[in-house]
Amino acid sequence: MENRNNITEFILLGLSQKKEIEILCFFLFLLCYIAILIGNLLVTISIASSQLMKQPMYFFLSHLSLADLCHTSTVTPRLIADLLAAKKTISHNGCMTQLITMHLFGGIEVFILTGMAYDRYVAVCKPLHYTLIMTRQKCGVMIAASCTGGFLHSFGQSLLAIFLPYCGPNEIDHYFCDVYPLLKLACMDTTRLGLLVIANSGLMGLVTFVVLLISYAVILYTVRSHSVENRRKALSTCSSHITAVVLFFAPLFFIYIRPATTLPEDKVFTLFYTIIAPMLNPLIYTLRKVEMKNAIKKLWCHIAVRKEMN
């Protein structure tokens with residue numbers, strides 16, 4: 001306990017040590033975060049205020065947008081502020097809180113994406129039973145299960161770092177607190193703990209991704225006997241989800257399915273699932289969805305009418 005109390009704060013080294021690059025990144029990430037806020041809030045509110053909320057696909061999408069927003073908000077605002085700070089410090093408790101919340105909402109995202117894949121599987125492979133299978137109650141249970149899964153993942157991940165002894169140095173070569181950089185700072189042998197991280201984050205991501213691959217393999221096998229038009233419609237409903245899955249899981253595999261070590265490339269890859277994916281997901285899911293476009297138009301019209309009345 002005495003050793004652990006030697007470190008009361010950590011120093012985040014950030015993305016770069018060059019001030020010119022940090023200033024450029026400040027404006028870039030500020031614009032990205034504004035886009036994330038506007039895009040995900042627009043999707044969530046548009047779905048919640050329309051009949052689309054009754055459709056399972058959009059029900060899951062609204063919760064995915066909310067999880068995206070919470071996930072990026074655990075990291076991005078501090079990253080933006082630190083880009084202009086002379087010294088990027090974070091308290092021990094603040095660091096652990098960031099670790100817990102980031103993995104909580106990240107885990108929820110993983111399970112929601114899995115639920116969305118199941119929804120597309122039922123829609124394509126069992127269209128006649130779709131309304132019977134994907135009831136509102138079942139969708140609610142799947143969201144609750146996603147939150148529970150995210151909590152269990154975060155709880156297990158945080159336990160590996162919270163009780164480690166940190167007795168110096170206290171510089172984290174990253175722009176936020178994550179498990180691997182913290183394991184590197186612990187003044188004890190963390191080899192076995194590194195294997196637990198792989199089992200927790202890496203294996204969870206890998207199993208989930210394999211399940212997603214199997215579901216889409218079954219979908220492709222099912223639509224091969226359909227007409228060209230029906231095949232095109234079926235695949236178009238899945239393409240947005242596949243794009244979102246690749247954006248989220250590809251960098252996840254690079255970071256967590258490997259020995260417990262930190263690489264300079266980690267900072268770039270984590271940007272994909274902390275900033276880029278949450279920013280692009282609203283565009284991915286709305287550009288090719290007529291229903292989503294109509295819901296957004298109705299929301300804007302409703303806002304415009306209320307302004308005129310006031």
(message) How many angstrom lie between the Cα centre of region 191-228 and the Cα centre of region 137-153?
(response) 18 Å
(request) Output the Cα-based Rg and Dmax of region 1-136 in Å, rounding Rg to one decimal and Dmax to a whole number. (result) 20.1, 64
(message) Counting only helical runs of four or more DSSP H residues, what would the 222 nm mean residue ellipticity of the chain come to if each run contributes -39,500 (n - 2.57) and the total is spread over all its residues?
(response) -24000 deg cm²/dmol
(request) Scan the chain and report its longest stretch carrying no trypsin sites (Lys or Arg not before Pro) that are both in a DSSP loop and have at most 12 other Cβ atoms within 10 Å. (result) 88-223
(message) Explain nothing, just compute: Karplus ³J(HN,Hα) = 6.51 cos²θ - 1.76 cosθ + 1.60, θ = phi - 60°, for every residue of region 88-96 in order, whole Hz, x for Gly and Pro.
(response) 9, 10, 9, 5, 4, 5, x, 5, 5
(message) For a quick check, take a GNM of the chain with Cα springs below 10 Å and name the residue from 132, 185, 152 with the largest mean-square fluctuation.
(response) 132
(request) Sticking with the crude label model, points 7 Å out along Cα→Cβ, report the distance from residue 144 to residue 86 in nm, one decimal please. (result) 5.3 nm
(message) Give me, ordered by chain and number, the residues 5 or more places off residue 10 or on other chains with an amide H under 5 Å from its own placed amide H.
(response) 90, 91, 92
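Can you bin region 215-256 into rounded, prolate or oblate? Criterion: square roots of the alpha carbon gyration tensor eigenvalues sorted a ≥ b ≥ c, rounded for a/c under 1.5, prolate for a/b above b/c, oblate for the rest.
Values: a/c = 5.61, a/b = 2.51, b/c = 2.23.
Prolate.
Count neighbours as other Cβ atoms within 10 Å of each site's Cβ, and list the GluC sites (Glu not before Pro) in region 1-107 that are DSSP loop with at most 12 such neighbours.
Working: sites: 2, 9, 20, 22; in loops: 2.
Those satisfying the criteria are 2.
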(message) Rolling a 1.4 Å sphere over the protein heavy atoms, what is the accessible area per residue of the chain, to the nearest Å²?
(response) 50 Å²
(request) Quick one: among 197, 179, 246, which has the greatest mean-square fluctuation in a GNM of the chain with alpha-carbon springs under 10 angstrom? (result) 246
(message) Largest first and in whole Å, what are the equivalent-ellipsoid semi-axes of the chain based on the Cα gyration tensor, each being the root of 5 times an eigenvalue?
(response) 37, 24, 17
(message) Among 40, 170, 93, which one shows the highest mean-square fluctuation when the chain is modelled as a Gaussian network with alpha-carbon springs under 10 Å?
(response) 93
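Carbon and sulfur: what percent of region 9-309's accessible surface (1.4 Å probe)?
Working: 10340 of 14580 Å².
Here carbon and sulfur together make up 71 percent of the probe-accessible area.
The values are calculated or read from the model by the stated rules, or taken from the named source; none is laboratory data. Every value quoted in this text rests on a predicted model; they were computed, and no experiment measured them. Neighbour counts run over all protein chains shown; Cβ positions are idealised from the backbone, glycine included. To get the accessible areas, we keep the full protein, side chains included, count just its heavy atoms, and leave off ligands, DNA and RNA. Shrake-Rupley method; radii C 1.70, N 1.55, O 1.52, S 1.80 Å.
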